[in-house]
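The values are calculated or read from the model by the stated rules, or taken from the named source; none is laboratory data. Small disclaimer: the values here were computed from a predicted structure and weren't measured. For neighbour counting, all protein chains shown are included, and Cβ atoms are generated from backbone atoms with ideal geometry for every residue, glycine included. Areas reflect the complete protein model, heavy atoms only, side chains present, ligands, DNA and RNA absent. Shrake-Rupley method; radii C 1.70, N 1.55, O 1.52, S 1.80 Å.
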Amino acid sequence: TQLLEQSPQFLSIQEGENLTVYCNSSSVFSSLQWYRQEPGEGPVLLVTVVTGGEVKKLKRLTFQFGDARKDSSLHITAAQPGDTGLYLCAATSGTYKYIFGTGTRLKVLA
Amino acid sequence: ETGVTQTPRHLVMGMTNKKSLKCEQHLGHNAMYWYKQSAKKPLELMFVYNFKEQTENNSVPSRFSPECPNSSHLFLHLHTLQPEDSALYLCASSQGAGTTLKYGYTFGSGTRLTVV
């Protein structure tokens with residue numbers, strides 16, 4: 001069974017701090033996505049990575065796909081209260097079916 | 001109205017009730033999905049419809065019954081549920097089941113279901 005483990009589960013930081021969250025598996029994936037889910041809403045796609053070692057940037061967010069395509073990280077620079085939410089990684093081995101991680105719940109305090 | 005719309009947003013039902021969840025998308029997508037989100041558990045894929053045909057039933061109990069009359073509408077009919085079925089039920093769509101690799105899912109806001 002493929003599993004995606006996310007760490008940390010919870011993170012509470014002050015505005016302006018940097019943070020990194022991780023998504024790890026023992027399986028190799030062809031594609032990995034990151035979503036953010038705000039309270040009372042569904043997840044919203046942030047990025048898709050498909051190449052081992054790939055780095056993508058979205059404003060203050062930096063996403064990296066591991067060289068072996070088994071893991072990924074999301075780094076946020078100078079976090080803002082608007083970054084608060086549940087961050088989910090999702091990955092597939094090549095089909096339309098993505099498995100989701102358990103999520104990292106981030107709270108950024110003003 | 002654009003995006004994926006789910007109704008109702010909140011639902012409380014008894015174990016002997018029958019209710020239905022509705023999902024509607026105006027994105028021109030051909031694939032629609034039902035996911036279950038429970039506390040402390042990853043999102044669980046329940047059903048997949050591609051061009052109105054059910055292509056996936058992820059070992060979901062028969063008390064959950066999906067219906068997809070066309071590519072824009074998806075229903076989840078509920079009957080004789082258990083308290084452990086309480087969760088957030090999310091509907092999602094994609095341009096095609098195979099295109100989630102590139103474009104990902106577009107999710108609705110979900111229906112918060114409580115079974116009493």
Pairs with Cβ under 7 Å, 6+ apart, first in region A:1-21 and over 18 Å from A:V108 (Cα atoms) and modelled with pLDDT of 95 or more, second surrounded by 15 or more Cβ atoms within 10 Å (Cβ to Cβ) and among the hydrophobic types (A, V, I, L, M, F, W, C): A:Q6/A:V21; A:Q6/A:C23; A:Q6/A:C89
Boolean, B:R112 is within 9 Å of another protein chain (Cβ to nearest Cβ) and among the basic types (K, R): yes
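Yes or no, residue by residue, for (1) away from every other protein chain (no Cβ under 12 Å); (2) open to solvent by less than 70 Å² (accessible area, probe 1.4 Å); (3) free of Cβ contacts under 8 Å to residues at least 60 places away in the same chain:
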residue	(1), (2), (3)
B:L11	yes, yes, no
B:T16	yes, no, no
B:K36	no, yes, yes
B:K41	no, no, yes
B:V48	no, yes, yes
B:F51	yes, no, yes
Check on A:T102, assigned to a loop (DSSP other than H, G, I, E, B), open to solvent by 30 Å² or more (accessible area, probe 1.4 Å) and under 19 Å from A:E41 (Cα atoms): yes
Residue in region B:74-88 that is in a loop (DSSP other than H, G, I, E, B), at the interface with another protein chain (Cβ under 8 Å from one of its Cβ atoms) and either under 19 Å from A:G42 (Cα atoms) or open to solvent by 40 Å² or more (accessible area, probe 1.4 Å) (or both) present: no
Flag for A:E54 being buried (at least 17 other Cβ atoms within 10 Å of the Cβ) and acidic (D, E): yes
Hits in region A:12-47 - residues which are in a strand (DSSP E or B), closer than 22 Å to B:Y33 by Cβ and open to solvent by 20 Å² or more (accessible area, probe 1.4 Å): A:R36, A:V44, A:L45, A:L46
Residue match in region B:58-69 (condition: within 12 Å of chain A (Cβ to nearest Cβ) and assigned to a loop (DSSP other than H, G, I, E, B)): yes
Residue count, region A:63-91 (criterion: crowded, with 18+ Cβ neighbours inside 10 Å and either within 14 Å of chain B (Cβ to nearest Cβ) or more than 16 Å from the chain's Cα centre (by Cα) (or both)): 10
